[in-house]
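Please read the structure below before turning to the comments.
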């Protein structure tokens with residue numbers, strides 16, 4: 001497992017005002033890591049991920065059997081930060097029957113006829129399951145904040161879209177998440193912090209490699225042009241919505257091996273920290289089990 005003091009580097013303190021530029025997207029997070037060196041650190045990350053995947057498989061089985069908690073993993077990031085790859089690698093050992101992934105695109109006409117949280121509520125994981133939101137309701141305080149013209153499609157009555165409006169949206173999200181936590185949903189939120197330079201490299205790779213051409217969209221460049229506005233929107237969002245009950249983690253994303261190790265460690269640790277147990281067998285059930293064994297043995 002990754003040491004707690006290292007994980008704490010990535011966790012956004014509840015109530016703190018942060019600036020994303022203060023978070024390092026690379027692997028040199030501490031002097032200790034720098035002294036250890038990239039290759040040695042990468043090997044440690046590989047072993048950590050390997051162990052966490054094994055632990056997560058066991059933890060998921062217990063989560064499903066216990067049937068009291070659900071786990072919601074929220075992934076937010078700029079384009080090419082590695083959300084899909086993180087899901088693929090961190091969840092590689094999880095039973096597909098106990099895990100569900102939703103990727104949210106532009107809202108439909110039906111979605112826009114409801115409040116901005118509605119379409120996400122429909123996809124929440126049930127007890128015993130792990131749910132992953134690849135982008136989420138946070139898009140409505142990120143993309144929509146960068147492109148406020150999108151608010152016209154939401155047909156909100158009598159609204160002025162100033163600071164008060166966004167503050168109230170943050171409050172709505174915090175209240176929504178608190179309700180979920182009070183009813184047994186563990187919420188883990190990750191912002192995959194990729195640098196603008198690394199995003200450029202990954203975009204160029206998508207353009208240079210035929211097998212990755214399909215991943216590139218002209219809208220990627222259009223959104224990249226708003227990088228500064230997105231960083232301010234993310235800083236405001238993380239500051240306003242990292243809470244004791246639903247914390248944000250700003251995870252370095254310039255090196256995918258760090259991203260995957262950190263996310264897997266936080267998820268596994270969170271599930272294992274729950275008071276999970278297999279259902280106890282009652283005296284009546286024991287009698288029926290004994291009778292079933294007697295009948296099978298007699299065949």
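Give just the number: which of (1) out of contact with any strand residue (DSSP E or B) (no Cβ under 8 Å at 6 or more places or on another chain); (2) crowded, with 16+ Cβ neighbours inside 10 Å; (3) within 28 Å of residue 228 (Cα to Cα) does residue 52 not satisfy?
(3)
Yes/no matrix, rows are residues, columns are (1) over 18 Å from the mean Cα position of the chain (by Cα); (2) modelled with pLDDT of 95 or more; (3) within 15 Å of residue 77 (Cβ to Cβ):
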| position | (1), (2), (3) |
| --- | --- |
| 189 | no, yes, yes |
| 210 | yes, no, no |
| 234 | no, yes, yes |
| 237 | no, yes, yes |
| 240 | no, yes, no |
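How about region 143-157: which of its residues are buried (at least 18 other Cβ atoms within 10 Å of the Cβ) and either in contact with a strand residue (DSSP E or B) (Cβ under 7 Å, 6 or more places away or on another chain) or free of Cβ contacts under 8 Å to residues at least 40 places away in the same chain (or both)?
Matches in region 143-157: 144 only.
Select from region 83-112 the residues that are part of a loop (DSSP other than H, G, I, E, B) and without any contact (Cβ under 8 Å) to a residue 40 or more places away in the chain and write down the one among them that is surrounded by the fewest Cβ atoms within 10 Å (Cβ to Cβ).
Ranking the candidates gives 105 first.
Would you check if there is a residue in region 40-49 being buried (at least 16 other Cβ atoms within 10 Å of the Cβ), assigned to a loop (DSSP other than H, G, I, E, B) and touching a residue at least 60 places away in the same chain (Cβ under 8 Å)?
Among the residues of region 40-49, not one is buried (at least 16 other Cβ atoms within 10 Å of the Cβ), assigned to a loop (DSSP other than H, G, I, E, B) and touching a residue at least 60 places away in the same chain (Cβ under 8 Å), which makes the answer no.
Would you please name the residue that is surrounded by the fewest Cβ atoms within 10 Å (Cβ to Cβ), looking only at residues in region 230-254 that are touching a helix residue (DSSP H, G or I) at 6+ places or on another chain (Cβ under 8 Å) and in a loop (DSSP other than H, G, I, E, B)?
The extreme case among them is 245.
Pick from region 1-23 the residues that are in a loop (DSSP other than H, G, I, E, B) and buried (at least 17 other Cβ atoms within 10 Å of the Cβ): which of them is nearest to the chain's Cα centre (by Cα)?
Checking each candidate, the answer is 12.
Tell me the residue from 124, 75 that is more than 12 Å from the chain's Cα centre (by Cα), in contact (Cβ under 8 Å) with a residue 60 or more places away in the chain and within 21 Å of residue 267 (Cα to Cα), please.
The unique qualifying residue is 124.
The values are calculated or read from the model by the stated rules, or taken from the named source; none is laboratory data. Small disclaimer: the values here were computed from a predicted structure and weren't measured. With ideal geometry, Cβ positions are generated from the backbone for all residues, glycine too; neighbour counts draw on all protein chains shown.
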